[in-house]
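Report on the following structure.
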Amino acid sequence: MKILNGFKLAEEVLSRRASTEFYDNSLEPEVKQIIDEVRGGGDAALFGFTLKFDRVKLSSLEVSKKQIKDAYQQVDEELISALKLAADRIGSFHRKQKDILTKPVAGQLVRPLERVGAYAPGGTASYPSTVLMTAIPARVAGVEEVILTTPPGPDGAVNPATLVAADIAGASRIFSVGGAQAIAALAFGTDSVPAVDKICGPGNIFVVLAKKLVYGVVDIDGLPGPSEVIIIADDTADPAYCAADLLAQAEHDPLASAILITASKRLADEVNQEVEKQLKGLERQAIAAESLLKQGAIAVVADINEAVELADLYAPEHLCLMVKGADALVKRLVNAGCIVTGESATVVLGDYVFGPSHVLPTGATARFGSPLGVLDFVKFTSLLSVDKATLKKLGKAAATIARVEGFEAHARAVEKRLKAD
């Protein structure tokens, strides 16, 4: 991994603003064409794109109840148990988050969205954790229907682990369709796939660009980019643990960012050596190696204050604190999607089982974005109850402002009521 010696050099490399530079925007016309074809052609377009992109000829888009039931026989009991543990913790966390909404606020109504679409990457891989992290917060919020879309595998079937996770999470219906065509179907609806109010979940560049293009027709959770972590570590940190977490991030994608910031030159050197050692033998060694080469870095700074400043400048998706007195440090850190502390701190627990959703702001959007949660699946309606006393108190001011803005009818609407009173 490249070593960045000194705050100034590290600042030049790590300073950034929220952007979509990692998107290949040249693909946007192609994505728009897919969306237009699905909007006009419905199910027929979905079958066609599945054959073209996934090389699978489907007889039905929707996964049957029997297929979901059979999926339990195709996965290990250990995985089922792990998914149920994760689901319990995710549900528990978000039920506590929902408590915020149960306290009545004058002049405000809070209602859940009616129908939400959750996208889970699939095809040759399976991400059951993403299903749990999107569908469960929606269900806890009170969403009546959660529609899951996910690509079919080479055999035409959805990965059984994904189906089991969807069943545990309470997904209402599951459709075997992926890519930009799935996003278009969720946004506009087809004969089979119902239109939703909001689409959430990560995906490849086609999925991200499709979400961008349908925003406004539906709401979206954001435009997720490559995964990222910053580890702030001091002399008390275990180099092997630091290296393991950097590699855990790097194996996601060649564009994933894994960065260590420390004031210890000794730790920096030992972590670098550990990374090389642990990289050997990884199943995704080539991906992790490319990520570390192009996006990874170890920044050696003067002290913890500089480390904090750099982390806030970067605004990472994940921030792991392997330092003494980490709890006190949390108060000083402003920009991060998730902060992990503790003597056994590792981002991996947050990825799967800790409780908060792992759908987090990336690409420096942690400056203004938040993790996916209950608030993403509710809407607020202002409620105004106007009696004569309120009209008398506020009416004249409203009419005055209206006339300054050139809206005479607005002013008269108030004044007629004031005169009647």
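The values are calculated or read from the model by the stated rules, or taken from the named source; none is laboratory data. The shown structure was predicted, so the numbers you read here are calculated from the model rather than taken from an experiment. Don't worry about glycine lacking a Cβ; one is built from the backbone with ideal geometry, like all the others, and counts go over all protein chains shown.
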Being touching a strand residue (DSSP E or B) at 6+ places or on another chain (Cβ under 8 Å), assigned by TED's automatic domain parsing to the domain that holds L209, small (G, A, S) and under 30 Å from E251 (Cβ atoms) narrows it down to one residue among A82, A135, A71; which is it? A135
Which members of segment 30-54 meet the condition of being modelled with pLDDT of 95 or more, assigned to a helix (DSSP H, G or I) and out of contact with any helix residue (DSSP H, G or I) (no Cβ under 7 Å at 6 or more places or on another chain)? E30, Q33, D36, G40, G41, D43, A44, F47, G48, T50, L51, K52
Looking at A118, A138, can you tell me which residue is crowded, with 22+ Cβ neighbours inside 10 Å and assigned to a helix (DSSP H, G or I)? A138
Might you check whether a residue that is crowded, with 17+ Cβ neighbours inside 10 Å and among the hydroxyl-bearing types (S, T, Y) occurs anywhere in segment 40-52? yes
In segment 160-184, which residues are of a type outside the set (G, A, S), buried (at least 24 other Cβ atoms within 10 Å of the Cβ) and not in a helix (DSSP H, G or I)? I174, F175, V177
Among the residues of segment 380-391, how many are loosely packed, with under 14 Cβ neighbours inside 10 Å and either basic (K, R) or touching a helix residue (DSSP H, G or I) at 6+ places or on another chain (Cβ under 7 Å) (or both)? 1
Working carefully through the options S129, S81, find the one that is in contact with a helix residue (DSSP H, G or I) (Cβ under 6 Å, 6 or more places away or on another chain) and polar (S, T, N, Q). S129
Can you name every one of the helices (runs of 4 or more DSSP H) wholly within segment 251-343 that holds 3 or more residues which are under 21 Å from the mean Cα position of the chain (by Cα) and surrounded by 15 or more Cβ atoms within 10 Å (Cβ to Cβ)? 304-314
Single unsatisfied condition, F22 versus (1) of a type outside the set (A, V, I, L, M); (2) closer than 20 Å to N204 by Cβ; (3) at pLDDT 95 or above: (3)
If L394 meets every condition in (1) in a helix (DSSP H, G or I); (2) exposed (fewer than 12 other Cβ atoms within 10 Å of the Cβ) apart from one, which number is that one? (2)
Please state which of the following conditions D376 fails to meet, knowing it meets all the rest: (1) acidic (D, E); (2) more than 22 Å from Y119 (Cβ to Cβ); (3) surrounded by 14 or more Cβ atoms within 10 Å (Cβ to Cβ). (2)
Residue selected from segment 80-115 under the condition more than 23 Å from the chain's Cα centre (by Cα) and in a helix (DSSP H, G or I), by the criterion surrounded by the most Cβ atoms within 10 Å (Cβ to Cβ): I80
Taking segment 348-391 and keeping residues basic (K, R) and part of a helix (DSSP H, G or I) leaves R367, K388
With the requirement that a residue be exposed (fewer than 11 other Cβ atoms within 10 Å of the Cβ) and in a helix (DSSP H, G or I), what does segment 398-407 give you? V404
